[in-house]
C-alpha cells in the first residue's frame, strides 16, 4: 500500500457500495485499525465507518395525522392516546405526542407524586409493535368541522401519517452525574445516591456518532441515518446545539455541545431500537437507537473516527449543587475508559459508575448499519447545509 493522500467523494463511495466493493467497519473496529496501522493506511483501506448509540433521548416525539375517515369531520382541540395528552394546535387532525408526556391517570403517580410508569414514549413503542392504542378527542365544533367527540382504538396502520420527529438527539458529550448531598436525587440521569454513591453517564463512547465526526464535516441537513431500526434523516441542528466549548487534542468537546434534529417514518422502525422508558422519580422518556455512517473522505476523517474511549473526556457534575445552579463543575473530567471500567475516583473515593446507554445495543446498531451498506441497501447522502452554531 502506498503513502499517497486520500481524497474521496461521497459519490465515489456510493458507487463502490453499488458495486459491492465498499469497505465498511464499525467505529470500534476503526479505533483498533488507526491505533495499529495509523491514519494514512486506515484512510486508504476504509470507505465508511458506522457508529451507533441507544440511549434515552427525552427530546423526541411523534407527529401524526389521524385522517378524516368517518364523517362528519372534526377539528380536534384536545386529544389523548392511551391517556397521554397530545398537542393539537397544528391543524384539524394533526397532533404531536412528546416522549416525556405522562398519562393523566397514571396509577404510580397517585401513590408516588412525580413518578410515572407510562407516557408518550411508551405510546410510540406500542404503535411500532403493532398494538392498538385508545384515541380520545374533543372539539369545540365549527361549521366545516361539526363533530365534537371522537373515541376509538387505532393502530399505526390506521394513521394517515406518522413521523418520528425528534428536536434534540445525539448529544455530543454529556455530564457524568454525581450527588454529594445527604439525600437521594431523582434526575433525568437516573437516581443519584447520596454521598457520591454512584456516578451515572450517557452516550456510547467511541461508538457515539458525534465523537466520530467532532466538527460535523460529514453530517448536516439531509444526512441519511439509521433511526429506530429504520431509515431517518438529519434535518438540522438540534435544540440547545452549541459548538463553543473547549476541545481536547482529538477535537472532542469537553462539555455538552452539538445536538441533532432527526426525523423518520415510524412505519419502517423496529421496537427493538425504540422503547418507552420510565426513569424513577423523574418521569417518562424514549430510548432511541441512532446510527450515522461516516464517510472516510480523507486522512483527517480516518483520524477522527479512530477516536477511542481513552480520548473522550466527560465533565463530572454534582447534581445537588452544580447542575441546578448552572455552576462550573470543580471536579474536572474523567475518560470513557475510566467510566466503562466500573468505577472512578473522586476526592479519593471510589465511586461505582452506571451507564444509561446500552453499549451492547449501540454496537448492534453499528453492525446492522454496516450490514445494510455492505448489502447495497443503504447509500450515503451529501449534506445540503452544514450544522450551524447557535
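Read the figures in this text as sums done on the coordinates, not as results from a lab. Given the structure is predicted, the values throughout are model-derived calculations rather than measurements. When we count neighbours, we look across all protein chains shown, and the Cβ atoms used for this are built from the backbone with ideal geometry, even at glycine.
Given R₀ = 25 Å, FRET efficiency for residue 300-residue 254 by Cβ-Cβ distance, to 0.05? Walk me through the intermediate numbers first.
Numbers: r = 20 Å, r/R0 = 0.81.
The formula returns an efficiency of 0.80 here.
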Report summary line: Inter-part gap, Cα centre of region 258-275 to Cα centre of region 40-87, in whole angstrom, is 5 Å
Query raised in the report: How many percent of Cα pairs in region 320-376 exceed 17 Å?
Result: 61 percent
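Send over the Kirkwood Rh of region 61-164, from the inverse of the averaged 1/r over different Cα pairs, rounded to one decimal Å.
14.0 Å
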Report task. Go ahead and collect, in residue order, the members of region 244-272 whose backbone nitrogen is under 13 Å from a label point 7 Å along the Cα-Cβ direction of residue 153. Result -> none
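Add -39500 (n - 2.57) for each DSSP H run of 4 or more in the chain, then divide by its residues: what number comes out at 222 nm, to the nearest 500 deg cm²/dmol?
Estimated from H runs of four or more residues: -5500 deg cm²/dmol.
How far, in nm, would the chain grow between residue 8 and residue 161 when pulled straight, counting 0.36 nm per residue and subtracting the alpha carbon separation? Please list the in-between numbers first.
Details: separation 153, 0.36 × 153 = 55.08 nm, distance 3.79 nm.
Computed gain between residue 8 and residue 161 is 51.3 nm.
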Query raised in the report: Most fluctuating residue of 15, 299, 206 in a GNM of the chain with Cα springs under 10 Å: which is it?
Result: 15
Query raised in the report: When the chain is modelled as a GNM with alpha-carbon springs shorter than 10 Å, which of 87, 201, 273 fluctuates the most?
Result: 87
Report summary line: Ordering 303-315, 231-243 by per-residue average of other C-beta atoms within 10 angstrom, highest first, gives 303-315, 231-243
Query raised in the report: Based on the Cα gyration tensor of region 1-53, what are the three equivalent ellipsoid semi-axes, each the root of five times an eigenvalue, rounded to whole Å and given largest first?
Result: 18, 16, 8
Query raised in the report: Using 0.36 nm per residue, how much length does the chain from residue 87 to residue 45 gain when fully extended, once their Cα-Cα distance is taken away?
Result: 10.2 nm
Query - Gained length - residue 131 relative to residue 371, 0.36 nm times residue gap less alpha-carbon distance - result: 83.5 nm
Requested in this report: Could you check which residue among 165, 363, 135 shows the biggest mean-square fluctuation in a GNM of the chain with a 10 Å Cα cutoff?
Outcome: 135
**Report entry** Helix 27-45 vs. the chain, principal-axis angle (Cα, 0 to 90°, nearest 10)
**Finding:** 50 degrees
**Report entry** Hydrodynamic radius of the chain per Kirkwood, over alpha carbon pairs, in Å
**Finding:** 22.2 Å
Requested in this report: Assuming R0 = 41 Å, can you tell me the calculated FRET efficiency for the pair residue 21 and residue 347, based on Cβ-Cβ distance, to the nearest 0.05?
Outcome: 0.15
Query raised in the report: Going by average Cβ neighbours within 10 Å, how do the peptides 37-44, 122-129, 18-25 rank, with the highest at the top?
Result: 122-129, 37-44, 18-25
Report task. Just grab the label-to-label distance for residue 325 and residue 65, each label 7 Å out from Cα along the Cβ direction, in nm (one decimal). Result -> 5.1 nm
**Report entry** Burial order of peptide ranges 137-144, 341-348 (average beta-carbon count within 10 Å, highest first)
**Finding:** 137-144, 341-348
Report summary line: If one compares the long axis through the Cα atoms of helix 359-374 with the longest principal axis of the Cα atoms of the chain, the angle in degrees, nearest 10, works out at 80 degrees
